[in-house]
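To start, the structure under review is shown below, and the notes come after it.
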Amino acid sequence: MAEQERHPVDDLLRAIAGNVESSAAEREYARQKLDRAIAELGRRQTRRRQRVLVWGMVFAAVFAGVAFVLLAAQPSQARAAIEEIADLVEVIDPLAATDTTFIYTRSSSSALAEVPGVALGGITIEGDSLLYLLNSRRETWYGSEGTVQMRTTYLQPTFFSDADRDAYFAAGLDRQDEIGQTRTVTVHLPIEEWPHDSVALDRAIRDRMVTDRGLPETIEYLDVALGIVGESFATPQVRASTLRLIARLEGIQLLGPPSETLTFAVDYVDKGVETRFTITLDRNGYLRHQRVFNVTADDHLGLPPATAIYEAEFAAPIVTGSLD
Amino acid sequence: MAAQPVDPTDADVISASLEKPSLFGLIFTRHYPALYNFAARRIGRDEAADLVADTFVRALESRATYDPSYPSCLPWLYGIAQNVIRDRLRRVGRGKRIYIALPAAATEEFGEETDDRVVASSVATDLAHALARLSKRDRSTLLLYALDGLSYSEIALVLDIPAGTVGSRLNRARQQILEAIPDLEQRTR
């Protein structure tokens, strides 16, 4: 808003009128009225498209002598919400690095680490393995030609018990994990050209999927697809196409109402443990949060229900001229 | 120097919503609070939410007419809201209500200190009378500038007048109010 010159009449008006806050109920009422209008508009557009499609099919049937049945499928809530973000992503001006600027991203993550007892150099532990959450913070600078600088800081791990903590330090794992250290590496990664076309993109994702981890196909697919969404080199069209493919995945569900961010989940079974994978995207289609946790107890690893075995939080990328 | 990721402008969202109407919900998310304020100050809280809802529905239906050279659609929404207010007042014959809402809000807004409240109520009543005596055009210009924080060019868009006219209307409105309440500055000091 532009800087305004001050005038006593304006000041008085502002002081008297104050700021009038809407109640949540009023907001909800107004939103519902708009949503009904949007739904009606959507139905009208669908009917128009169907009429066009039906006439096209009638002509095709006349020529080919084939009868068609038009089946309309109601997209799920999750699908509609993700596709809405994909539509927005497509119209956003993409972030771009230049010769002197970089796309900068920052994330912090926590991942389950498992060290077999036999690898602890004679330190005895209660179970077969020592479990802990390895925490790290990473900053990444993407250059225009595929040059990537990554700075990773390894933070103090999170332990499940004091005994685990003692065993960890006694076995010298803190040195092995470089706790407290910051490492900066610069690598040159070829800029991957993902196809825009959804059929070709789907094929490319499937080609890249890992298939020998015993995880459901949906999870492996998501793993690759989220890599594309999170990859700062991907064009808005590729990111939008990837989101639309994610939207069509089996079992994807929306958690909570859509707002400035959108969280969705996939439930699956990993080695007999019911597991949930949640993903949060912002309105620009950037990945903001990921979490994998076991819904039921993991008897094999001895983890109680609702233990997060992987969690990562991502800041929205920005363009910067600094590599510090 | 860091640049933030570029959020889609209102123009981007409205353009995309032509194909995908549900995207218009983002316009609601962005501008509901400002539009509610706009409505509540002009016709009172009782009808504000309903007016805002009608404004968004009307905006949804006429989004194809939005000029995408304006990145923010708030002035456009204010313009639609003005029309919705006008239609309603015409329908129910309550032309005076538009400025009566102002002092009514005042007595609630001025906190616990009795002296302040008395002064505020008295000034507010005088201000309401002075506003009532302004021409409708001058009053709209003043309210859009002082209460809604619009720039001259945005007001010109809302009222569909040349930008140069905004300044003269604004000055005239302020002058007339100062003439109606000559001790305004002393009474509010």
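The values are calculated or read from the model by the stated rules, or taken from the named source; none is laboratory data. Because the structure is a prediction, the values reported are computed rather than measured. Cβ coordinates were reconstructed from backbone atoms using ideal geometry, including for glycine residues, and neighbour counts include every protein chain displayed.
Take the conditions within 25 Å of A:ASP212 (Cβ to Cβ) and either aromatic (Phe, Trp, Tyr) or surrounded by 15 or more Cβ atoms within 10 Å (Cβ to Cβ) (or both) and apply them to A:VAL273. Does it pass?
So A:VAL273 fits the description; yes.
For the list (1) in contact with a Pro (Cβ under 7 Å, 6 or more places away or on another chain); (2) at pLDDT 80 or above, I need the number of the one condition that A:ILE92 fails.
(2)
Looking at A:ARG106, A:ARG137, which one is among the charged types (D, E, K, R), within 14 Å of chain B (Cβ to nearest Cβ) and surrounded by fewer than 18 Cβ atoms within 10 Å (Cβ to Cβ)?
A:ARG106
Just checking, does region A:242-249 include any residue being free of Cβ contacts under 8 Å to residues at least 40 places away in the same chain, within 14 Å of A:ALA81 (Cβ to Cβ) and outside any loop (DSSP other than H, G, I, E, B)?
For region A:242-249, residues free of Cβ contacts under 8 Å to residues at least 40 places away in the same chain, within 14 Å of A:ALA81 (Cβ to Cβ) and outside any loop (DSSP other than H, G, I, E, B): absent.
Looking only at residues in region B:15-63 that are among the acidic types (Asp, Glu) and in a helix (DSSP H, G or I), which one is surrounded by the most Cβ atoms within 10 Å (Cβ to Cβ)? Outline the logic, then answer.
Step one: of region B:15-63, the residues among the acidic types (Asp, Glu) are B:19, B:46-47, B:50, B:54, B:61.
Going one step further and asking which of them are in a helix (DSSP H, G or I), we end up with B:46-47, B:50, B:54, B:61.
On the way: B:ASP46: 10, B:GLU47: 18, B:ASP50: 17, B:ASP54: 23, B:GLU61: 13.
Looking at residues that are among the acidic types (Asp, Glu) and in a helix (DSSP H, G or I), I get B:ASP54.
If I filter region A:248-258 for residues that are closer than 23 Å to A:SER107 by Cβ, surrounded by fewer than 20 Cβ atoms within 10 Å (Cβ to Cβ) and touching an Asp or Glu at 6+ places or on another chain (Cβ under 8 Å), do I get at least one hit?
Taking every residue of region A:248-258 in turn, none turns out to be closer than 23 Å to A:SER107 by Cβ, surrounded by fewer than 20 Cβ atoms within 10 Å (Cβ to Cβ) and touching an Asp or Glu at 6+ places or on another chain (Cβ under 8 Å).
Tell me the residue from B:GLU154, B:GLU185, B:GLU179 that is assigned to a helix (DSSP H, G or I), surrounded by fewer than 21 Cβ atoms within 10 Å (Cβ to Cβ), on the phi < 0 side of the Ramachandran plot and within 9 Å of chain A (Cβ to nearest Cβ), please.
On inspection, the qualifying residue turns out to be B:GLU185.
So which residues in region B:39-50 are more than 9 Å from chain A (Cβ to nearest Cβ) and either touching a residue at least 12 places away in the same chain (Cβ under 8 Å) or touching a Cys at 6+ places or on another chain (Cβ under 7 Å) (or both), if there are any at all?
B:ARG42, B:ILE43, B:GLY44, B:GLU47
Do you know which residues across region A:213-237 are free of Cβ contacts under 8 Å to residues at least 12 places away in the same chain and over 11 Å from the mean Cα position of the chain (by Cα)?
Filtering region A:213-237 for residues free of Cβ contacts under 8 Å to residues at least 12 places away in the same chain gives A:213, A:217, A:220, A:227.
If the condition is that a residue be free of Cβ contacts under 8 Å to residues at least 12 places away in the same chain and over 11 Å from the mean Cα position of the chain (by Cα), then A:ARG213, A:GLU217, A:GLU220 are the ones that fit.
Could you tell me whether region B:21-30 includes any residue that is more than 7 Å from every other protein chain (Cβ to nearest Cβ) and either modelled with pLDDT under 75 or under 15 Å from the mean Cα position of the chain (by Cα) (or both)?
no
Can you find a residue that is within 24 Å of A:LEU134 (Cα to Cα) and exposed (fewer than 15 other Cβ atoms within 10 Å of the Cβ) anywhere in region A:311-320?
Yes, there is a match, as at least one residue in region A:311-320 is within 24 Å of A:LEU134 (Cα to Cα) and exposed (fewer than 15 other Cβ atoms within 10 Å of the Cβ).
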